[in-house]
Structures are given as C-alpha cells and as structure tokens.
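Here's the structure, in structure tokens; my notes come after.
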Amino acid sequence: MAILVEEEKKPVNWITILTFAVVIVGVFGGGYYLFFKQPEKIEVVLPGTFKEISTISSSTKNFDPTSVLDPTSQEREAKVFALLQNFASALVLPATGKSNPFKP
C-alpha cells in the first residue's frame, strides 16, 4: 500500500493581496499626478505694477557710479564712506585639537 502525504494548502490571504494592489495603484497614480499631469496655466503672468518697474530700470541706465566716488581721487574715500563705522568685533578663534594627538 502506498501512503500519500500531502501538505496542507494554506488559504489565500485576500486582504494582503488587496492591500498590496491598493498600495501599487496609489504609488503609480501619485507618480502620474506628480510628474505627468499638466499643471493649470496661470492667467496673469505679470503684475500691473510692471510698468513702474520698467520706468525705474530705464532711469538707471543713466547712473554714473563715479558720482559716488571722490571727484578728485576717483577712489572710495568720499565723505559718504567716511561716515560709515565698523561695529563688528574682531573674531577670536579658539585653539583646535591637541598639539600631540597621542597624549592622553
């Protein structure tokens, strides 16, 4: 007589398969929405005050930077720059590490 030994077949876990399918669809749907969907077009590209900006930029074409400098020496020693004060303190750098790294 032959004895047949078969393993028990495990039932299919439909909840795991369904959860996995929902996650896969969510990842692909999110990727499509993020990378491939066309964004909505913006109706107004430039603000209404753009005309004022163009008038300011056209007036700076006549700006002469040497007018800020000292007229005699053409250097930055004009009275405007002499009024400036330095309020920053000098940087003090701490000593880093040991002179001999093998000493305890």
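What follows draws every value from the coordinates through simple rules; no lab data is involved. Predicted, not measured: the structure shown is a model, and the values here were computed from it. Every residue, glycine among them, receives a Cβ derived from its backbone with ideal geometry; neighbour counts consider all protein chains shown.
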At a 10 Å Cβ-Cβ cut-off, how would you order 27, 92, fewest neighbours first?
92, 27
Ranked list, fewest to most other Cβ atoms within 10 Å of each Cβ, for 96, 16
96, 16
